[in-house]
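S.K.: Sharing a structure, written as structure tokens. Questions coming.
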Amino acid sequence: MGKTIAEKIFSAHCGREVKSGEIVISEIDFALAQDGTAPLAIQSFESMEIEKVAVPEKLAFFVDHNVPSPSQEVSLLHQLMRHFAKKHKIKLYDMGKGVCHVVATEEGWISPGNLIVGADSHTCTYGALNALATGVGSTDLAAVMASGKLWLRVPESIKIILKGLLPEGVYAKDLILYLVGRLTARGAVYQAIEFEGEIIQEFSLEERFTLSNMAVEMGAKAGIMRADNKVREWLKKRGIRSIQPVEPDEDASYAQILEFDISFLAPQIARPHTVDNVVPLKEVEGTPIQQGFLGTCTNGRVSDLKIAARILKGRKVSPGVRFIVAPASRQVYQETLRQGIIEILVEAGAALVTPGCGCCVGTHNGVPAKGENVISTANRNFQGRMGNPEAFIYLASPATVAASVIEGKITDPRRFL
Amino acid sequence: MHLKDYLLQGKAHKLGDDINTDYIISGRYKFKTLDRNILAQHLLEDILPNFYQQITPGDFIVAGENFGCGSSREQAPLAIKYARIGAVLARSFARIFYRNAINLGLPIIVTDTRKIKNGDELKIDLSQGKVINATAGLSLKTEPFPPEIMQIIEAGGLIEYFKKGRGWTELGR
Ligand code: SF4
């Protein structure tokens, strides 16, 4: 019997041939934590009464969620991370560097075939680089620090085959929102998704990251793609030359094989308060909004800011709307500065915040008021997500967010293209 | 915790499907503090104000499908544990929450929770994998844990497991 990508990667990391459903102790190639999860991981590690971090060279910490620190309490947690990282020689990317998942890929931590865990649920983003990457908890991370290994269940896989190409004005974000809507928030719990189809090859790496990023919104353990020449080129630019892509076997066995014709897809929106509450944009067109947010590990990369700038060029954000932009990383910030994209966004009325998670997780920065509607390029719209349980979050593509902040209401971006 | 003769008893607090970790403990608190007792006081407050005050130690959270979906925050099962919830019962759990609960030694039970109503008195025998709904006079089936996971639970969580100097070897490869 053939193997899925997940089964192959796990087999290569635990020294024997394994199948889906098995619980294994696996070598980990790279593990990360951020300021929301690292402090607890450090505490757990210290309670294990182990002196030394086993594999400091395979770890990285990111101060990205709550930056710059808004309070004494947060500063203390950041300080704890810095001290621990220094003591144990763990690489730490401090505030301003960007969102962990964007920075980890930029910095060349991820290669095809890797097995990666992160104390952050959107670790699945690296599936776009043909890695089996999944979110875990803080104590899990402590165990990796202690041993370089972790217990994991080899997941069953779902194959999602995408037929056709996307129409003009419809983006990777619309596609993944559509898929989350179809599969639902629990459509792939414990399972790895393998994305297939012509569109994947068509997509840039940035678009692929958007897709893999939201695999977890269907409950999936991972959202993996094959590595092609685009991956090879992308990694080469980041100093990784030799790669060993992992392909699924022809006769691998899947829990489900799903096909979607995407050639007629229209812009999609996830309505409050769940990510799978997805409808075609036209069903909520005209809904007034008070805030727009462009950023995050889903859609805060160069191409995302670029498409927003294309729409906002020579136009203004509606007077009743606050428009917040968080470049996902310093590299994204610099590149968009160079290309004049930031200039256009600021000219249109955007407020720039520090590269990082921005207002995605509601800890500071841009907390909406009671009863307000927000349109955001993030991956989650749970009640209270942006810091106010009485606000309403709509998720959309960068183009839709840009069009909507111009009009002050949810607007189809195709009108501006 | 020792599972041999581990008996739990308490009242059911019934919740719906897809209860995410943002609801269990808001992101606002995960940055404020590592103090588990403070986290516990904010358990589920965005969707159920004053939930913490309504708990008697040993009570159960009883939910539908996909409990604990969303972020990886371990503060979610920690807040539940320190609110002194005896166990979480659900028809299914999101995977990171499932891991975190096991790693922390918080008992989680997969069972058909449609047969439990809010306020029902439950008795749970973890060693036998039995849930008894005393109010409804029903006995519910549960899914047993695989042996590898049972070892972590029996140790009282991953920290204790490592503390005993066992590392991974005893869990097999
Ligand atoms: S941008 Fe949002 S979803 Fe991504 S890592 Fe940061 S808080 Fe999480």
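S.K.: Quick one: A:Glu73 ticks every box in (1) modelled with pLDDT of 95 or more; (2) away from the ligand (no atom under 15 Å from the Cβ) except a single one, so which number is it?
M.R.: (1)
S.K.: If you don't mind, there's one more thing I want to ask. If I filter segment A:252-271 for residues that are out of contact with any Cys (no Cβ under 8 Å at 6 or more places or on another chain), within 16 Å of the ligand (Cβ to nearest atom), of a type in the set (Gly, Ala, Ser) and within 24 Å of A:Asp120 (Cα to Cα), do I get at least one hit? Break it down into steps so the answer makes sense when it comes.
M.R.: Of all residues in segment A:252-271, those out of contact with any Cys (no Cβ under 8 Å at 6 or more places or on another chain) come to A:252-271.
Applying the additional criterion that residues be within 16 Å of the ligand (Cβ to nearest atom) yields A:270.
Remaining after also requiring of a type in the set (Gly, Ala, Ser): A:270.
Restricting the remaining residues to those that are within 24 Å of A:Asp120 (Cα to Cα) gives A:270.
Yes: one or more hits.
S.K.: Moving on. Checking A:Lys173 against (1) more than 14 Å from chain B (Cβ to nearest Cβ); (2) surrounded by fewer than 24 Cβ atoms within 10 Å (Cβ to Cβ); (3) outside any strand (DSSP E or B), which single condition isn't satisfied?
M.R.: All conditions are met except number (2).
S.K.: Let me ask another. Take segment A:345-357 and flag every residue that is away from the ligand (no atom under 16 Å from the Cβ) and open to solvent by less than 30 Å² (accessible area, probe 1.4 Å). Step through it out loud before you land on a result.
M.R.: Filtering segment A:345-357 for residues away from the ligand (no atom under 16 Å from the Cβ) gives A:345-351.
Within segment A:345-357, A:Leu345, A:Ala348, A:Ala350 qualify.
S.K.: Filter segment A:277-289 down to the residues that are surrounded by fewer than 19 Cβ atoms within 10 Å (Cβ to Cβ) and in contact with an Asp or Glu (Cβ under 8 Å, 6 or more places away or on another chain) and list them by number. Quick ask: steps written out before the conclusion?
M.R.: Taking segment A:277-289 and keeping what is surrounded by fewer than 19 Cβ atoms within 10 Å (Cβ to Cβ), we get A:277, A:279-280, A:282-288.
Those that are surrounded by fewer than 19 Cβ atoms within 10 Å (Cβ to Cβ) and in contact with an Asp or Glu (Cβ under 8 Å, 6 or more places away or on another chain): A:Lys282, A:Glu285.
S.K.: Restricting attention to helices (runs of 4 or more DSSP H) lying wholly within segment B:34-143, give those where 3 or more residues are open to solvent by less than 60 Å² (accessible area, probe 1.4 Å) and of a type outside the set (Gly, Ala, Ser). Please lay out each step first, then the result.
M.R.: Working: elements: B:36-41, B:75-82, B:95-104.
It comes to B:75-82, B:95-104.
S.K.: Looking at segment A:94-121 only, could you name the residues that are within 11 Å of the ligand (Cβ to nearest atom) and out of contact with any strand residue (DSSP E or B) (no Cβ under 7 Å at 6 or more places or on another chain)?
M.R.: Passing the criteria: only A:His101.
S.K.: Restricting to segment A:218-268, name every residue that is surrounded by 16 or more Cβ atoms within 10 Å (Cβ to Cβ), among the β-branched types (Val, Ile, Thr) and within 26 Å of B:Phe93 (Cα to Cα).
M.R.: Within segment A:218-268, just A:Ile224 meets the criteria.
S.K.: Run down A:Tyr171, A:Tyr93, A:Tyr126 and say which single residue is out of contact with any Leu (no Cβ under 6 Å at 6 or more places or on another chain), free of Cβ contacts under 8 Å to residues at least 40 places away in the same chain and not hydrophobic (A, V, I, L, M, F, W, C). If you could, list the steps in order and put the result at the bottom.
M.R.: On the way: A:Tyr171 fails: free of Cβ contacts under 8 Å to residues at least 40 places away in the same chain; A:Tyr126 fails: free of Cβ contacts under 8 Å to residues at least 40 places away in the same chain.
Going through A:Tyr171, A:Tyr93, A:Tyr126 in turn, the sole match is A:Tyr93.
S.K.: Scan segment A:303-344 for residues that are away from the ligand (no atom under 16 Å from the Cβ) and at pLDDT 95 or above and report the count. Steps first, please.
M.R.: Here is the first cut: in segment A:303-344, the residues away from the ligand (no atom under 16 Å from the Cβ) are A:303, A:306-323, A:334-344.
Pick out the ones that are also at pLDDT 95 or above and you get A:303, A:306-319, A:321-323, A:334-344.
Going through segment A:303-344 one residue at a time, the tally reaches 29.
S.K.: Separate question: Just to be sure before I move on: is A:Thr123 away from chain B (no Cβ under 13 Å) and open to solvent by less than 10 Å² (accessible area, probe 1.4 Å) in the structure I sent? Working first, answer last.
M.R.: Details: away from chain B (no Cβ under 13 Å): no; open to solvent by less than 10 Å² (accessible area, probe 1.4 Å): yes.
Criteria not met by A:Thr123.
S.K.: Going by what's in this entry, would A:Val275 be described as more than 16 Å from the ligand (Cβ to nearest atom), touching a strand residue (DSSP E or B) at 6+ places or on another chain (Cβ under 7 Å) and not small (Gly, Ala, Ser)? Steps first, answer last, please.
M.R.: Details: more than 16 Å from the ligand (Cβ to nearest atom): no; touching a strand residue (DSSP E or B) at 6+ places or on another chain (Cβ under 7 Å): yes; not small (Gly, Ala, Ser): yes.
Answer is no for this residue.
S.K.: Next up: Here are some residues: A:Thr363, A:Thr411, A:Thr377, A:Thr400. Which one is hydroxyl-bearing (Ser, Thr, Tyr) and either within 14 Å of chain B (Cβ to nearest Cβ) or out of contact with any helix residue (DSSP H, G or I) (no Cβ under 9 Å at 6 or more places or on another chain) (or both)?
M.R.: On the way: A:Thr411 fails: either within 14 Å of chain B (Cβ to nearest Cβ) or out of contact with any helix residue (DSSP H, G or I) (no Cβ under 9 Å at 6 or more places or on another chain) (or both); A:Thr377 fails: either within 14 Å of chain B (Cβ to nearest Cβ) or out of contact with any helix residue (DSSP H, G or I) (no Cβ under 9 Å at 6 or more places or on another chain) (or both); A:Thr400 fails: either within 14 Å of chain B (Cβ to nearest Cβ) or out of contact with any helix residue (DSSP H, G or I) (no Cβ under 9 Å at 6 or more places or on another chain) (or both).
Of A:Thr363, A:Thr411, A:Thr377, A:Thr400, the one residue that is hydroxyl-bearing (Ser, Thr, Tyr) and either within 14 Å of chain B (Cβ to nearest Cβ) or out of contact with any helix residue (DSSP H, G or I) (no Cβ under 9 Å at 6 or more places or on another chain) (or both) is A:Thr363.
S.K.: Determine if segment A:204-211 includes at least one residue that is away from chain B (no Cβ under 14 Å), more than 16 Å from the ligand (Cβ to nearest atom) and closer than 30 Å to B:Val110 by Cα.
M.R.: No, the conditions are met nowhere in segment A:204-211.
S.K.: Give the number of residues within segment B:78-135 that are on the phi > 0 side of the Ramachandran plot and basic (Lys, Arg).
M.R.: So the count comes out to 1.
S.K.: Which one of these does A:Leu141 not meet: (1) surrounded by fewer than 24 Cβ atoms within 10 Å (Cβ to Cβ); (2) away from the ligand (no atom under 14 Å from the Cβ)?
M.R.: So A:Leu141 meets the others, but not (1).
S.K.: Here is a further query. Filter segment A:19-29 down to the residues that are surrounded by fewer than 21 Cβ atoms within 10 Å (Cβ to Cβ) and either within 16 Å of the ligand (Cβ to nearest atom) or acidic (Asp, Glu) (or both), then identify the one that is modelled with the highest pLDDT.
M.R.: In the first step, residues of segment A:19-29 are kept if they are surrounded by fewer than 21 Cβ atoms within 10 Å (Cβ to Cβ); the result is A:19, A:21-23, A:25, A:27.
In the following step, the residues that additionally are either within 16 Å of the ligand (Cβ to nearest atom) or acidic (Asp, Glu) (or both) were identified as A:22, A:27.
On the way: A:Glu22: 92, A:Glu27: 96.
If we take residues in segment A:19-29 being surrounded by fewer than 21 Cβ atoms within 10 Å (Cβ to Cβ) and either within 16 Å of the ligand (Cβ to nearest atom) or acidic (Asp, Glu) (or both), then A:Glu27 is modelled with the highest pLDDT.
S.K.: Return the pair list, or none, for Cβ contacts closer than 9 Å from residues in segment A:30-55 that are more than 7 Å from every other protein chain (Cβ to nearest Cβ) and open to solvent by 10 Å² or more (accessible area, probe 1.4 Å) to residues that are part of a loop (DSSP other than H, G, I, E, B) and not aliphatic (A, V, I, L, M), at least 6 apart or on different chains.
M.R.: A:Ala54/A:Gly148; A:Val55/A:Gly148
S.K.: Go through segment A:289-338 and give me each residue that's touching a residue at least 40 places away in the same chain (Cβ under 8 Å), hydrophobic (A, V, I, L, M, F, W, C) and not in a helix (DSSP H, G or I).
M.R.: A:Ile289, A:Phe293, A:Leu294, A:Val317, A:Val321, A:Phe323, A:Ile324, A:Ala328
S.K.: Which condition breaks for B:Arg28 when tested against (1) assigned to a helix (DSSP H, G or I); (2) buried (at least 21 other Cβ atoms within 10 Å of the Cβ)?
M.R.: Here B:Arg28 meets the rest and fails (2).
The values are calculated or read from the model by the stated rules, or taken from the named source; none is laboratory data. Treat the numbers as computed from the prediction; the structure is a model and nothing was measured. Note that we place each Cβ from the backbone using ideal geometry, even for glycine, and neighbour counts take in every protein chain shown. For accessibility, only protein heavy atoms count, side chains too; no ligands or nucleic acids. Shrake-Rupley method; radii C 1.70, N 1.55, O 1.52, S 1.80 Å.
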